[in-house]
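Enquirer: Before I ask anything, here is the structure I am working with.
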Amino acid sequence: MSTLNPQSADSEDYPPLSALNQMLYCERRCALLRIERVWVDNQHTIGGTLDHLQAHEVAQRKRTGRRVVSGLRLVSHSLRLTGVADIVEFHNQEQGLPDIPFPIEYKRGKRKRWDNDDVQLCAQAICLEEMLGVPVPAGAIYHIKSRARRDLSFTPELRALTCQTANRLHALIQAGQIPLPELKPRCRGCSLKSICLPEIFSQPARIVRLNSQLFQAKYSDP
């Protein structure tokens, strides 16, 4: 079984796996985080941090008869991404065969209609495959709010989407340009809303009008 050193090559300069999630959630948010290095916490981001700490504590208490590792550092040189897995279970195969990694990602809310969580978990699987030299066919997402574990198969379609998203991420960072905002329902819970200002930029005609009046001199009688 071959292994890769997570600190080898230039992995320290790789974006985090979570950037794929941000990329699919909102490209502007991703650009503000990765290019402008802007970060603002709110109740959702702080809660998410606490939930990940809880996941690591759960792994320490878990007794399933199989090896369970929390906080495992990951890297993929094909995706050029690095990160940390919440939990990785190692499922036993037939005697003489290596255990199969089964990554589990903890998410704060219920399952959403977007595929950003699935892509992030698939990227973890690709990291594990490169690092350990064994196939990783499936994993799971544990939705804390609904207390439901959702098993996920890493299909060719999901793997292709993951690679495409990684390529788009690197192109976005290399271009160094922040996409214009687009007001969407998901903006309500975004911690960067006060910086992004999607409501203002969603009214281009008003911006042009206000900008034209910005430096107009107004005279009044003495």
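The values are calculated or read from the model by the stated rules, or taken from the named source; none is laboratory data. Quick caveat, the model's predicted, so the values are computed rather than measured. Positions of Cβ are generated from backbone atoms using ideal geometry, with glycine treated the same way; all protein chains shown enter the neighbour counts.
Enquirer: Test each condition in (1) farther than 16 Å from residue 27 by Cα; (2) in contact with a Cys (Cβ under 9 Å, 6 or more places away or on another chain); (3) free of Cβ contacts under 8 Å to residues at least 24 places away in the same chain; (4) of a type in the set (D, E, K, R) for residue 209 and report the one that comes out false.
Expert: (2)
Here's the yes/no breakdown for (1) assigned to a helix (DSSP H, G or I); (2) over 17 Å from the mean Cα position of the chain (by Cα); (3) within 30 Å of residue 190 (Cα to Cα):
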{"residue": "85", "(1), (2), (3)": "no, no, yes"}
{"residue": "89", "(1), (2), (3)": "no, yes, no"}
{"residue": "120", "(1), (2), (3)": "yes, no, yes"}
{"residue": "126", "(1), (2), (3)": "yes, no, yes"}
{"residue": "131", "(1), (2), (3)": "yes, yes, no"}
{"residue": "140", "(1), (2), (3)": "no, no, yes"}
{"residue": "146", "(1), (2), (3)": "no, yes, yes"}
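Enquirer: Within region 102-118, identify whether any single residue is touching a helix residue (DSSP H, G or I) at 6+ places or on another chain (Cβ under 6 Å) and among the polar types (S, T, N, Q), and answer yes or no.
Expert: yes
Enquirer: With a cut-off of at least 3 residues that are of a type in the set (Gly, Ala, Ser) and surrounded by 12 or more Cβ atoms within 10 Å (Cβ to Cβ), name the helices (runs of 4 or more DSSP H) lying wholly within region 153-202. Break it down stepwise before answering.
Expert: On the way: elements: 156-175, 193-196, 198-201.
Those helices (runs of 4 or more DSSP H) do not exist here; none qualify.
Enquirer: What pairs come out if I take residues in region 104-128 that are over 19 Å from residue 147 (Cβ atoms) and at pLDDT 95 or above and pair them with residues that are among the basic types (Lys, Arg) and surrounded by 15 or more Cβ atoms within 10 Å (Cβ to Cβ) whose C-beta lies under 8 Å away, six or more apart or interchain?
Expert: Between residues of region 104-128 that are over 19 Å from residue 147 (Cβ atoms) and at pLDDT 95 or above and residues that are among the basic types (Lys, Arg) and surrounded by 15 or more Cβ atoms within 10 Å (Cβ to Cβ), the close pairs are 122/159; 126/159.
Enquirer: Then there is this: So, in region 164-189, how many residues would count as being in contact with a Phe, Trp or Tyr (Cβ under 7 Å, 6 or more places away or on another chain) and without any contact (Cβ under 8 Å) to a residue 12 or more places away in the chain?
Expert: 0
Enquirer: Select from region 162-193 the residues that are over 14 Å from residue 27 (Cα atoms), at pLDDT 85 or above and in contact with a helix residue (DSSP H, G or I) (Cβ under 6 Å, 6 or more places away or on another chain) and list them in ascending order.
Expert: 162
Enquirer: For residues in region 63-81 being in a loop (DSSP other than H, G, I, E, B) and at pLDDT 55 or above, which is surrounded by the fewest Cβ atoms within 10 Å (Cβ to Cβ)? Steps first, answer last, please.
Expert: To start, the set of residues in region 63-81 that are in a loop (DSSP other than H, G, I, E, B) comprises 63-66, 77-80.
With at pLDDT 55 or above added as a condition, the list becomes 64-66, 77-80.
On the way: 64: 8, 65: 6, 66: 12, 77: 16, 78: 11, 79: 23, 80: 17.
Once the filter is applied, the top-ranked residue is 65.
Enquirer: Within region 136-143, identify whether any single residue is over 17 Å from residue 103 (Cα atoms), among the aliphatic types (A, V, I, L, M) and in contact (Cβ under 8 Å) with a residue 12 or more places away in the chain, and answer yes or no. Outline the logic, then answer.
Expert: The initial filter retains those residues of region 136-143 that are over 17 Å from residue 103 (Cα atoms), namely none.
Checked region 136-143: no residue is over 17 Å from residue 103 (Cα atoms), among the aliphatic types (A, V, I, L, M) and in contact (Cβ under 8 Å) with a residue 12 or more places away in the chain.
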